[in-house]
1. Within the range 449-464, track down each residue that is buried (at least 17 other Cβ atoms within 10 Å of the Cβ) and at pLDDT 75 or above.
2. Go through the range 472-495 and give me each residue that's buried (at least 16 other Cβ atoms within 10 Å of the Cβ) and part of a loop (DSSP other than H, G, I, E, B).
3. Would you mind finding the one in 649, 635, 668 that is buried (at least 22 other Cβ atoms within 10 Å of the Cβ), at negative phi, assigned to a helix (DSSP H, G or I) and in the same structural domain as residue 703 (by TED's automatic domain parsing)?
4. In this structure, does residue 469 turn out to be at pLDDT 75 or above and either more than 21 Å from residue 728 (Cα to Cα) or surrounded by 14 or more Cβ atoms within 10 Å (Cβ to Cβ) (or both)?
5. Determine which single condition residue 28 fails, assuming it passes every other condition in (1) at pLDDT 80 or above; (2) out of contact with any helix residue (DSSP H, G or I) (no Cβ under 9 Å at 6 or more places or on another chain); (3) within 18 Å of residue 333 (Cβ to Cβ).
6. Might you check whether a residue that is within 27 Å of residue 81 (Cβ to Cβ), crowded, with 18+ Cβ neighbours inside 10 Å, over 41 Å from the mean Cα position of the chain (by Cα) and in contact (Cβ under 8 Å) with a residue 40 or more places away in the chain occurs anywhere in the range 367-382?
7. Residues in the range 435-442: is at least one surrounded by 15 or more Cβ atoms within 10 Å (Cβ to Cβ), part of a helix (DSSP H, G or I) and modelled with pLDDT under 80?
8. Between 284, 291, 310, which is assigned by TED's automatic domain parsing to the domain that holds residue 116 and at pLDDT 85 or above?
């Protein structure tokens, strides 16, 4: 028992446990699905072993390991593992160059251990970055390969037909029609027609009411019965052994096992092939489980690291007892999904049946016509590569459709991995193209004197965006004006900053272009980059006092200054029961408060007061916010370079009348702003000082005129504070909570 617990702990070291699905939750669907997958996997195991140049029994050994062992360890509900067609060429060459199959087994064992380590190091994240168009292209290519590869069996062609290689020959070589007609067999053609008719019309007729056996299993059973009928009554149509499943006879268990040659451990080629097997098998597995999850009717997600751990253990065992490389296989997985599998019980059943077929059921299994199995795969292949799949990808645009087509064609004319790599490069091209055109947004207007442009940088600007930014800036007309806004940009690469500086300091000056750059920092350190670590939202935090709310707002502003914002996107139905604060700021301030303090929607109630001077009605509105909405903090916030205050002050200093004069009157009546001070001090400094004075004046008005607010502050249930927002740095300076005498 202790050993079992240690083994379980070992295989979950990758820390990718997901919600477990009960393995016996749907036996009525999983058991028939396992039988059908077994019937499909049986000829594939033999065919892939043949393509690898390995003993035929090695394919069955790997199928058994993939079904029982990997199926038990894996957390994937629908993925089925078995001999890897994508590695058949590598295995064939490796066996030839290493000299014997038992030396190759040592390379496979080493590859399994390396693959296990890849999973434990949690490198499965690369599956999350695979574009959907590539996955769809992989599925479509697999579908076409299934169709091409199964045509010989559906037509009864046995001469020179190999399960996994025939598709490429079919595409690249023009067949001789006269010879082609000579090798057709009527029996398999009739069985294929009957089987395809049943599979196509099953859900369109009364047959859909039949729950057991499912259509795939019905086709297999009916094929055996019909062929036995032909044996006695229509011998000319009877299918011989070359057109039936062929499992080799096993004398005893020991005769089927082959062990690795450990004396070759020092051979560098053994390690090279081991590493190659590990890398290719890992990539193929990640692609397959991503594709299987895409096909899953419940859209469940298979933990990629756990899958790599399971595959590593499986390949290690395959190397120890005489198998060939194993991966998650999209062909079997797609069949598994199509026949209704719900949990991994189906893949374990399929592996168990493979084991039974090797030991005791080979005479019975050898009665199954290959034409029936090929009909099942033809239907599955069509569903993967149907016209609607191509139509839907085309409707999504060229950036989706072209990589999809390139991936599909690439896999057909080369192999799975090379085709996926070609498709990935095509996707990268469109990614670079989209980055070229989307690093910023542009607004332009004409004020009668000069053209003015607003260039707002995106959230992150990398070296990929350099050409687009440079092309735009260097194409601006002479004597125009451009405002470059980086206020909401969390990261700008140093190369881009250098381009902006060169434009402002050289090109713009030489061509009379007026440049204003807003919000751009000289350096963007790693601390300024987006932090994806989840943090508690206000709804998850318990604010026990106004001071905690004030601290929360200050922390949020510090994240804004650092460019380290935490996502606070919430829908309206997820608003908090009570807002945290009522913030009274000037109409001049248009910066978004939620972003400046990194709060969630509904955390704050914004109120406006021109020049930051509150009126009696606004004080009453604040009281309502506290009583009705449950606000526990009142924050009076001013901002630097207040345009209203500045205009009023300029008019006052030039002895002009202005409707904005009331914004200055209380400050001018105080002893702080003497005529001498107003005359000698810089006007921008005066504007900020008057804004701060107005904030303090508003605080005194609120406390002095509203008894409810004053009492709540004295009780410690409500907080009152002032704050000042520096537009240049983005920093908000908060004052301590107001403490009444």
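1. Scanning the range 449-464 gives 453, 454, 455, 456, 457, 461.
2. Within the range 472-495, 476, 480, 486, 488, 489, 490, 493 qualify.
3. When all the criteria are applied, what remains is 649.
4. Yes; evaluated as a whole, the condition is true for this residue.
5. Checking residue 28 against (1) at pLDDT 80 or above; (2) out of contact with any helix residue (DSSP H, G or I) (no Cβ under 9 Å at 6 or more places or on another chain); (3) within 18 Å of residue 333 (Cβ to Cβ), the one that fails is (3).
6. Yes: one or more hits.
7. Yes, the conditions are met somewhere in the range 435-442.
8. Details: 284 fails: at pLDDT 85 or above; 291 fails: at pLDDT 85 or above.
310 is the lone residue from the list that is assigned by TED's automatic domain parsing to the domain that holds residue 116 and at pLDDT 85 or above.
The values are calculated or read from the model by the stated rules, or taken from the named source; none is laboratory data. This is a predicted model, so every value here is computed, not measured. Glycine also receives a Cβ, built like all others from the backbone with ideal geometry; neighbour counts cover every protein chain displayed.
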